Amino acid sequence: MMPIDLGERLAVAYNWYLAAHIIFVIFWMAGLFMLPRYLVYHQEALAAGRVDEAAEWIVREGKIRAIILTPAMIFVWLLGLALATIGQHWAEAWLHGKLLFVLGLTGYHGWAVGYAKKLAAGKPTLTGKQLRMLNEVPAILVTLIVILVVVKPF
């Protein structure tokens, strides 16, 4: 039996890393779609004076951050950087655009976590309408990312 050379090993690793990357992107996006909706419900409970319900949202928000959002984001970044390196994509313009939008998603993630902490402290700074509008940010960014990765327009 012939030994597998390094190029073949990297090709196999690339496919496994890509599969894992896509899986963790799905997890991260699910969390980024859920947490902002939780924030809306949490804020509405606060505004209505439903203290017990607001406390339940604090627990839910903490769990989604700890179990889904943050671990998924970390794996997305690690696997994505590995893919860019193994696939030698660093010089490709589409990757630069993708990274810009992924940085935007990461910033949005940070904002949502920060806003959850504000709500937990009872200090909302946005209206319900503003929160609902901000819920659309991940959908827009992930749409642009998928287009860059699949179509590679530049």
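Points to keep in mind about this one:
- Comparing TYR41, ILE68, HIS89 along the charge dipole axis of the chain, the residue lying farthest to the positive side is TYR41, per the Cβ-charge model.
- Taking 0.36 nm per residue of separation and subtracting the current Cα-Cα distance, fully stretching the chain between TRP111 and ALA47 would add 21.0 nm.
- Rough spin-label spacing in nm, given labels placed 7 Å along Cα→Cβ, for LEU81 and MET34: 2.6 nm
- Nearby lysines by direct alpha-carbon distance to LYS98 (threshold 18 angstrom, same-chain neighbours under 8 apart not counted): LYS152
- For region 1-86, alpha-carbon Rg and Dmax in angstrom: 19.6, 71
- Across the chain, the volume of the C-alpha convex hull divided among the residues equals 110 Å³ per residue.
- Each residue of region 124-132 was assigned a 3J(HN,Hα) from its phi angle through the Karplus curve 6.51 cos²θ - 1.76 cosθ + 1.60 (θ = phi - 60°); the sequence is x, 10, 10, 7, x, 5, 4, 4, 5 Hz, with glycine and proline shown as x.
- Charge dipole (debye, nearest 20) of the chain; +1 at Cβ of Lys and Arg, -1 at Cβ of Asp and Glu: 400 debye
- ILE26/ARG132 FRET efficiency (R0 22 Å; Cβ-Cβ; nearest 0.05): 0.40
- Long hydrophobic helices in the chain, taken as whole DSSP H segments with a C-alpha length of 30 Å or more on their own axis and mean Kyte-Doolittle hydropathy at least 0.5: 6-47, 93-120.
FYI, it's all coordinate maths here, none of it is from the lab. If you're wondering where the values come from, they're calculated on a predicted model, not measured in any experiment. Glycine gets a Cβ as well: all are built from the backbone with ideal geometry, and neighbour counts include every protein chain shown.
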